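Shown next, in structure tokens, is the structure this report addresses.
Just so it is clear, none of the values below were taken in a lab; they were calculated from the coordinates. Predicted model only: the values in this text are computed from it and were never measured. Cβ: placed from backbone, ideal geometry, glycine included. Neighbour counts: every protein chain shown.
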Amino acid sequence: MSDLATFVRKLPKAELHLHIEGALEPELAFAIAERNDIALPYSSVDELRAAYRFANLQEFLDVYYACAGVLVESQDFYDLTWSYLERARTDNVRHAEIFFDPQTHTARGVEFATVVDGISWALDDARDKLGLTSRLILCFLRHLDEACALETLAAAMSYRDRIAGVGLDSGERGNPPRKFAEVFRRARDAGFVPVAHAGEEGPAEYVREALEVLEVVRIDHGNNALDDPGVVAELLRRRTPLTVCPLSNLKLCVVDDLASHPLKRMLDLGLFVTVNSDDPAYFGGYVNDNYVAIASALGLGKADLVRLARNSFAASLLPETDKARLIRELDAVSSPLR
Ligand code: ADE
Ligand code: ZN
């Protein structure tokens, strides 16, 4: 393991941008497909992996939704979530905030309860067996209409104790945050913490709308915010965290190469940046791989990496006392290393 990888591995960290359906490794997808007697549109693990060449977000989403189609029983959602959590623990992830896309499953006749129960069961096991805490965030699919999102929110109301927040994902272009103003208003009123994907493929204006119309407390990605100094000023004024995903941006051609990734510029501007894996089974790396790849490409130093890990706890939905405890642990580990 390189020096950099060893250093990153030692840092306790939180992961705040992770789609559980995007943690479905091809081997597990085939195993679950077989036991559910579902045919994947690929003949083998190798053929599926070979399909992981994406020119944009939509090309990825087509494969991602096809693979999510194997998930039917609570056990499937458990196995998927557990496999991610065990893997994350080896990266020294101490806290994970996990997105799930219920509409992908309910549209196929899978009950909302089946999805949430399976995921929650694994989250409880991770807390008890791995010492890894978590929060669950329900994402509305923005390519669908707001009426469908409202139905999904209605189903989530009986799971207020299980679901901490709501988010917005799927195809961004042509699906502005304002399309979901009402469902986010109702979700906020019900106590769900609002976050949203914005500025991944969409313009800086979508980041502004997510802040001002959806009143989000975090922006997922946010790359294109840098195109508008007014939006950057607003992110700084609000101290809104950005959950940045370097390898995802590379795989989805949001950036041409990691050397031109905006993360260093974001840090230099004083933005509240975190590093995350997004859909690690599809993008060639889990969270530590993202830290290592972006640090190598942009020449980040150890102090930058510690700052990113500190931000990950500070930007989480954990209570302040838990944040402070985890940041003390990070400081204890990192100060002798620097
Ligand atoms: N769903 C899963 N990954 C996503 C991403 N990177 N952007 C939008 N929606 C997603
Ligand atoms: Zn994402």
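Annotations
- Anisotropy class of the range 41-168 from Cα gyration tensor, a/c 1.5 cut: oblate
- With neighbours defined as other Cβ atoms within 10 Å of a residue's Cβ, the residues T274, T152, T321, T90 order from fewest to most as T321, T90, T152, T274.
- With Cα atoms defining each centre, the range 269-338 and the range 54-110 are spaced 22 Å apart in the structure.
- Residue among P176, V166, Y206 farthest towards the positive dipole end of the range 146-226, charges placed on Cβ: V166
- Neighbour-count ranking [beta-carbon atoms within 10 angstrom, fewest first] of H221, H143, H17, H105: H143, H105, H221, H17
- Lys, Arg +1 and Asp, Glu -1 on Cβ, resulting dipole of the chain about Cα centre, debye, nearest 20: 1440
- Stokes-Einstein D for the chain, Kirkwood Rh over Cα pairs, 10 °C, 1.306 mPa s (µm²/s): 80
- Relative contact order for the range 213-338, counting Cα pairs under 8 Å that sit 6 or more residues apart, in percent: 21
- Estimated inter-spin distance, R49 and T90, nm [label 7 Å along Cα→Cβ]: 1.4
- Which of M266, M157 has the fewest Cβ neighbours within 10 Å, and the rest in rising order: M157, M266
- Entry note, the chain: relative contact order of 20 percent, from Cα contacts under 8 Å with a spacing of 6+ residues.
- Computed over neighbours whose Cβ is under 14 Å from that of A233, the net charge equals 0, Lys and Arg +1, Asp and Glu -1.
- Excluding same-chain neighbours fewer than eight residues apart, the lysines reachable from K323 by a Cα-Cα span under 26 Å are K10, K13, K129, K264, K302.
- Average Cα contact separation per residue, the range 1-158, under 8 Å, 6 or more apart, as relative contact order %: 28
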